[in-house]
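**Student:** I'd like to ask some things about the structure below.
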Amino acid sequence: MQSETKSHVDQLTSPAGHPVTVLRFEGDIASTSKDAVLGTYQALPKETAKLILLDFTKVDYINSSGIALVIQMLIEAANSAQKVYAYGLSAHFVKVFTMVGITKYAGLFPSQAEALAAL
Amino acid sequence: MSDLKTTTVEVRLPSRMGFEKVAMSTAASVAKLMGFREDRVEDLKTAVAEACINAIEHGNRLNEKLSVGVVLSAGQDSLEVKVIDDGKGMSKQPAKPDIDRKMHGEEDPRGMGMFLIQALVDEAEWVAGSNGKSSYVRLMIRLDKDAE
């Protein structure tokens with residue numbers, strides 16, 4: 001019933017010249033999204049993927065289980081000296097991410113261009 | 001819905017993850033008919049989804065022989081939503097999630113549903129059913145938030 005979560009990885013370079021790994025998600029982010037969210041993240045090379053940008057532009061539904069997966073990713077990233085940022089969340093989910101404190105550990109940006117400009 | 005006094009809409013969901021979206025969509029449709037602002041509709045959608053997930057997962061323990069009842073009662077200035085399951089109800093409310101504790105592995109990354117429900121609607125109460133069944137959560141969201 002939940003729409004399958006799709007994910008793919010892009011490698012970009014910020015205007016400042018830093019390599020940025022973009023994880024693009026599509027569909028729902030829920031309890032069934034573990035492979036798409038954590039699996040995709042865990043497959044990244046930890047030595048080189050130091051700046052990670054999550055693209056939620058094509059995500060319509062995130063529930064508390066999905067938020068928990070994002071937090072698990074943030075925990076693993078913090079332990080690997082990686083920095084995580086996100087963009088493309090609706091105003092509602094920016095509010096929800098702020099309520100649960102994710103913004104303390106992952107900077108949110110309105111768009112990819114604004115995120116890259118800050119990295 | 002200008003002549004709305006109290007209109008009731010009921011949905012019955014199977015205890016299967018993902019079906020919370022049916023209740024979510026129904027609640028959103030009713031709220032839009034009542035004239036709720038879009039951001040309040042989004043708040044309601046998340047609160048209803050989380051209430052249904054709790055009912056499916058914890059109340060009915062994913063037993064597909066049991067269903068989750070969702071009763072939406074639209075009044076003139078508020079929308080009440082009851083989400084009913086066959087569990088014993090909450091014995092105590094979990095503590096407010098603490099992101100620092102989660103990040104340091106001192107708290108389960110999960111466990112944010114009830115917090116989100118309380119934060120996103122005007123009233124939320126958890127009622128344990130008599131005989132240890134038919135527990136429900138009652139949510140209330142007021143239309144006068146539009147005036148803010």
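What follows draws every value from the coordinates through simple rules; no lab data is involved. Keep in mind that what you see is a predicted model, and the values were worked out from it rather than measured. Please note: Cβ atoms are built from the backbone with ideal geometry, for glycine as well, and neighbour counts cover all protein chains shown.
**Student:** Could you check the spin-label model distance between B:Asp108 and B:Ser78? Points 7 Å from the Cα along Cα→Cβ, value in nm.
**Tutor:** 3.1
**Student:** Sticking with this one: How big is chain B in terms of Cα radius of gyration and Dmax, in angstroms?
**Tutor:** Both quantities, over Cα of chain B: 15.5, 53 Å.
**Student:** Output the relative contact order of segment A:6-114, whole-number percent, from Cα pairs under 8 angstrom with separation of 6+ residues.
**Tutor:** Reported as a whole number, the value is 24 percent.
**Student:** What does the charge dipole of chain A about its Cα centre add up to, to the nearest 20 debye, if the Cβ of each Lys and Arg holds +1 and the Cβ of each Asp and Glu holds -1?
**Tutor:** 280
**Student:** At what distance in nm do the modelled label points of B:Arg142 and A:Ser111 sit from each other, each positioned 7 Å from its Cα along Cα→Cβ?
**Tutor:** In this crude spin-label approximation the distance works out to 3.9 nm.
**Student:** Here's a follow-up. Would you mind giving the mean number of other chain beta-carbons within 10 Å of the Cβ of each residue in A:30-36, as a whole number?
**Tutor:** Going residue by residue through A:30-36 and averaging, the value is 2.
**Student:** Just the number, please: Stokes-Einstein D of the protein assembly as shown in µm²/s, Kirkwood Rh from C-alpha pairs, 25 °C, 0.890 mPa s.
**Tutor:** 126
**Student:** So, by mean Cβ neighbours within 10 angstrom, what's the order for B:6-12, B:64-70 with the highest one leading?
**Tutor:** B:64-70, B:6-12
**Student:** Let me ask something else. So how tilted is helix A:91-100 from the main axis of chain A? Cα-based, degrees 0 to 90, rounded to 10.
**Tutor:** Tilt of helix A:91-100: around 90 degrees.
**Student:** How well do other chains shield peptide A:92-102, expressed as the mean number of their Cβ atoms within 10 Å of each residue Cβ?
**Tutor:** Counting other chains' Cβ atoms within 10 Å and averaging over A:92-102 gives 5.
**Student:** Right, something else. Using only alpha carbons, build the gyration tensor for chain A and give me the equivalent ellipsoid semi-axes, biggest first, whole Å.
**Tutor:** Result for chain A: semi-axes of 20, 16, 14 Å.
**Student:** What average number of partner chain Cβ atoms lie no more than 10 Å from the Cβ of the residues making up A:59-67?
**Tutor:** 6
**Student:** Quick check: the distance between the Cα centres of segment A:8-44 and segment A:47-119, to the nearest angstrom?
**Tutor:** The distance from the Cα centre of segment A:8-44 to that of segment A:47-119 comes to 10 Å.
**Student:** For segment B:7-147, compute the number of Lys pairs whose alpha carbons are separated by less than 15 Å, excluding pairs fewer than 8 positions apart on the same chain.
**Tutor:** 7
**Student:** Relative to the longest principal axis of chain A, what angle (0 to 90°, nearest 10) does the C-alpha long axis of helix A:64-79 take?
**Tutor:** Helix A:64-79 sits at roughly 30 degrees to that axis.
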